[in-house]
Every structure is written in C-alpha cells, then in structure tokens.
1. Can you tell me which residue in the stretch 166-204 is surrounded by the fewest Cβ atoms within 10 Å (Cβ to Cβ), limited to those that are under 25 Å from the mean Cα position of the chain (by Cα) and over 21 Å from residue 263 (Cα atoms)?
2. Answer yes or no: is there a residue in the stretch 274-289 that is out of contact with any strand residue (DSSP E or B) (no Cβ under 8 Å at 6 or more places or on another chain), assigned to a helix (DSSP H, G or I), within 16 Å of the ligand (Cβ to nearest atom) and over 30 Å from residue 588 (Cβ atoms).
3. Just checking, does the stretch 296-313 include any residue being within 16 Å of the ligand (Cβ to nearest atom), within 27 Å of residue 182 (Cα to Cα) and either free of Cβ contacts under 8 Å to residues at least 40 places away in the same chain or assigned to a helix (DSSP H, G or I) (or both)?
4. Answer with yes or no whether residue 48 is touching a helix residue (DSSP H, G or I) at 6+ places or on another chain (Cβ under 7 Å), over 30 Å from residue 139 (Cα atoms) and either surrounded by fewer than 19 Cβ atoms within 10 Å (Cβ to Cβ) or modelled with pLDDT under 95 (or both).
5. With respect to residue 67, determine if the residue is within 30 Å of residue 393 (Cβ to Cβ), part of a loop (DSSP other than H, G, I, E, B), within 31 Å of the chain's Cα centre (by Cα) and modelled with pLDDT of 50 or more.
6. Scan the stretch 99-121 for residues that are in a helix (DSSP H, G or I) and surrounded by fewer than 24 Cβ atoms within 10 Å (Cβ to Cβ) and report the count.
7. Taking only the stretch 422-442 into account, find how many residues are away from the ligand (no atom under 16 Å from the Cβ) and in a loop (DSSP other than H, G, I, E, B).
Ligand SMILES: [Zn+2]
C-alpha cells in the first residue's frame, strides 16, 4: 500500500472500494482537498476487510477462574463493585441533566466539581459487564442495567445525544484551546462502558445510548475540520478511535469509523508509522489507547499503516521503555530517550502508572492474535504477575496508582469513596476480566498461554480443560481433559522465556522425553480422551536483569517473578498507604542497597528461605536482606533495583 504525503507532511488519504465489499481500501492522494482549511476533512470511506486471526480468544463465559491468587483478586474486586452505590455513581449525571438526586456525592476525581467526573461510572459499567461474562454475576448485571436506564433518562434530558456528568461549557473550552482536563477521555469511558453492557449483557438500550453519543460526537467534530481537530487531539482523548471502530464493528454503520478516523492523531502516528521513537516527553497513558485504536482499525480494514503504528509502538515501548515489571513511565511521562531507564528511574519516584500496564496488556492481546507469537505472552505474563497481581489491596479491593520501584518505596492504594483515579477505573475492569487471556484457539486446537488455575469449556469442540496449578509457587501446571467423546485436537502449551533450563512433560504419567525451547510452544497433537492428563514442569531459576544504560543497577527475578528487597517494616502508616497516588519519597532519598555479587551466578549469593516459597536470603553481604515477590509485598518498604558490584 502506498502512502501519499504532501510538502507539509500532512497525510492526505482517501479510501476507495467501499462498493466492492471485501476490497482492500486503497490509498491515494485526495487531490484538490484543502486539508487544513476550516471545515475540511479527509474523505475516507470504510469497508470491512477483517484480518484473519491466527489465534482467537474464547468468550469470557467459556473460562472460569478456580482457587488461586487471581480468583482472590477477582473476588475482592467483586466485593468492591457490590459496595459502590448506583445512586452515588449517577449523582453528577443527574445533576448535570437537571434531574433530582439526593445521593451523597463521591469524592476524589468524581467530586461534583471535578473535571473528569463521570469517568469512573463508565469504567464501572465495563467492570459490571465483564463480571457478568467472566463469573456470571447476575446481581451486578441487574445493577448496571438499571444504571443504563437512568443514563438514558439523563441523555434524553440533556438533548441531542449528549451524555456526560459535566456541562457543554467544557467542550467550548476544548474547542477554544482553553484549559480543560480531558472531556473526550471521559466520554470514551462512558461510551466503552455502554458498549460493553451491550456486548456482554445484551443491553439494547445501552447500544442505543452509545449510538446517540456517537452521533453527538459526529456533530461536534464535523464543523471543526481537520486542522482544528488535530489541535483538539492534543488534549488527552482516551480511546475515542477504539470505541468508534468497535461501534462500527458492532453495528455495521461505517459512519462511526469515519468519525473514528477524526481521532487519528497525526503528530503521534506519523513518526511511529516511520518507525521513529519520538516518545520522549509525552504523557504515556494518553498515547497507549490511541495505539489500541490503531490495532483495532487494522483488524477491521487490514490497512498496513495501522499495523505498523501499533507494532512499532509495542516493540519499542516493551523493549526500550519498560522496567523489569513490564510497567512504563515515570511521573506519567517518558522522561528520557529510549533505553535510559536507570537515568529515568532516579528522576522521579512515581514510576509505572497502573493504567499503562492495563492498556499495554490490552494492546498486547490484540497483537498476539495476529501472529500467535508466544513472545507477546512473555511480556503479558511479566506484566500480569509483577504489575497487576499485587496492585489491588487484598482486603479493600482498592487499586494502586503508581507502582514505585525506587529504594524505600511502599505501596499506596486508593480510598474507598475518595479516589476514583483513572487507575481505580482501569483496576475494576482489570480484575473483572482476569480470565480473558489464559486460553486462545484456532480451528485445530488450544493455546495455553498463562498458568492460572482455571477451567475452559470449549463447547463447539465438546472439550473441557481443567488447569490445576499453584503457579508461580508451583513450577509447572497440570491440564486435565474432559471430553464426552474422543476428540482430535492440538494442544499448544507456552514455554516461557525464563524456562532456560528446559523442562519436562508427562502424558498420563509417562514422560514424553521432548520439550520446546524458551518463547515457543510445546505442541501435542492427538486424539484426546476423557481423563487425559498433561503435566508440565518448568524449573525456575534466579537471574539478574541489569538496566540497559547502567549494568550496575539491576533487578533480581526468580522465573518470571520480580523479587523485591525487603527494607523493613517501618510502618508507612495507614494514612500514607490509603489515599496518596504514590509514596512520598524524594528521588535519591534512599540509596540503592548494594549487593557484592556475581550477577551471572545469583544462586551463589541468594539462598532459598526455608518454608517460604519464592523467597530468598542474601549471604555474604555487608547487610544481608530478604528478597520476596514484589506482587506479595504489602505494608513495608522495598526496593526493586539494587546496585550490584
Ligand atoms: Zn491511571
């Protein structure tokens, strides 16, 4: 596919072939179009040309979590979702629509004069929809259905399809380039929540409301024209492209894709399409949802530009801009050039915002499906176990905002009714859909990508797979097949990047004598019978991961698990643990603990702590310390990085 550029560097693209269903959208210079003139838009016509997927996801209804740390996280999140009162979540919507509300307003970013108010209600609808799909929570569905009906009333009162918890005056400010937080960001959360209620709960009213909203977005953006809109896009707008392409996919109405195209942020997309990392200084979570939109567009149209953008972004960020946990950013930004992570780490103490991990996992899930390349799940596993597991409070269900990695850090969590950060919102979604990426399939069989205790019911194939594991405390997993009648199927089990010492696989107790290399699939193709058992062992080992720009600053892992150095139970205090977005430590306040150690042989200076899984004690150091999984660390100070000499 060729690409036309004019001397100003502005892409002028025209997609043809809408009449010929299935034809590749071709790209040509839109001659005579004054891109940039007020009111002018690129002419874009969309025709569906779905990307064939190498690995397809199962619906969440087909997978259930069983006993283990992930179900614990799901459960504590579920309780939090039940505790949040619908009337309080609807309060500012009703007030804005001029409808009566006597509910006590929520606090934090949802407070009645907060400029992001209403965003969490959108996340909440998504979380309820996921909860219904992933563990059949009919009560949350009922609650969310009632909220959708109320939001429809608000929309009717607000007129013209507009639905928000803040007034139109915010949009005037956005249009005029005046200071406003992020109106489209909030709108995206509400639209996504409604579309999720349609997709997972079959709520037709939710679809009607979100279509009305999309119509409003069309009418608001139309008069601006491209140049003005590109300026509007400099204000964070969440996943507006993503939601509008999804709405196109759900309804078949190409107009929504045309409106989605207006959210093509060229200043961000163009360098990425040319494989250039110009990310330094950008706000991270403003960008990741744009890439999810690009990925979604590629899935629906097969346009190479959008694959290039999403893939280059993913590879660059996960290889050159992520810390050992799979998280990225410091103080929400990329502060340095790529691969300068040791330098970036010491610039601020607020590393790795949780939303970014959430959105990077979403993006990873898209890209994996295009190729079925298991390396995408090497990243997924790293981030899921080190950044998502363990960033929800085990008793309150509150999410973290920053996962701080500097020495002397401690974990901080949101307050029950007085935080409602972006990360609270992505958090309630995350922990309601932990079952969505364990298994994928193609026509031949199943991909087992994550080692999480769960059950898969592949109804079309007449097969159930039960995965029994205490991973990561158990260095392997057991898959048991249930099939009404014998079934030919390929079982592909992911061998992770860290399984460098090989492994073992047994079928019905008999060693198979074969294995697969790291970052590949162990494939077993046979006629499976009820009760067949596949046991896989992946021996874990200790390894040291240095920073790319300073090999003396390093983290320690055991298998996929990042180990945190315990820095003592100096109680951070409840008031400093619930409420703040991150620990209040000054950069460089606490020096890196020094390990006099041979980085190539960590087993020579780290010994297993007796009776404590995944826990180690240093030997022969000036001051010995205990290293235990970051995901289990709570109410004490820690470090993720050490100075290794
Ligand atoms: Zn966030």
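The values are calculated or read from the model by the stated rules, or taken from the named source; none is laboratory data. Here the structure is a predicted model, which means the values were calculated and not measured. Positions of Cβ are generated from backbone atoms using ideal geometry, with glycine treated the same way; all protein chains shown enter the neighbour counts.
1. Start the filter on the stretch 166-204 by keeping residues that are under 25 Å from the mean Cα position of the chain (by Cα), which leaves 181-203.
With over 21 Å from residue 263 (Cα atoms) added as a condition, the list becomes 197-203.
On the way: 197: 28, 198: 22, 199: 19, 200: 24, 201: 23, 202: 12, 203: 22.
Here the residue is 202.
2. Yes: one or more hits.
3. Kept after step one, since they are within 16 Å of the ligand (Cβ to nearest atom), are these residues of the stretch 296-313: none.
No, because not a single residue in the stretch 296-313 is within 16 Å of the ligand (Cβ to nearest atom), within 27 Å of residue 182 (Cα to Cα) and either free of Cβ contacts under 8 Å to residues at least 40 places away in the same chain or assigned to a helix (DSSP H, G or I) (or both).
4. Spelling it out, residue 48 is indeed touching a helix residue (DSSP H, G or I) at 6+ places or on another chain (Cβ under 7 Å), over 30 Å from residue 139 (Cα atoms) and either surrounded by fewer than 19 Cβ atoms within 10 Å (Cβ to Cβ) or modelled with pLDDT under 95 (or both).
5. For residue 67, the condition - within 30 Å of residue 393 (Cβ to Cβ), part of a loop (DSSP other than H, G, I, E, B), within 31 Å of the chain's Cα centre (by Cα) and modelled with pLDDT of 50 or more - is met.
6. 2
7. 8
Rundown of residues vs (1) touching a residue at least 40 places away in the same chain (Cβ under 8 Å); (2) out of contact with any helix residue (DSSP H, G or I) (no Cβ under 9 Å at 6 or more places or on another chain), yes/no style:
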{"position": "553", "(1), (2)": "yes, no"}
{"position": "562", "(1), (2)": "yes, no"}
{"position": "566", "(1), (2)": "yes, yes"}
{"position": "573", "(1), (2)": "no, yes"}
{"position": "577", "(1), (2)": "yes, yes"}
{"position": "580", "(1), (2)": "yes, yes"}
{"position": "623", "(1), (2)": "no, yes"}
{"position": "630", "(1), (2)": "yes, no"}
{"position": "633", "(1), (2)": "yes, yes"}
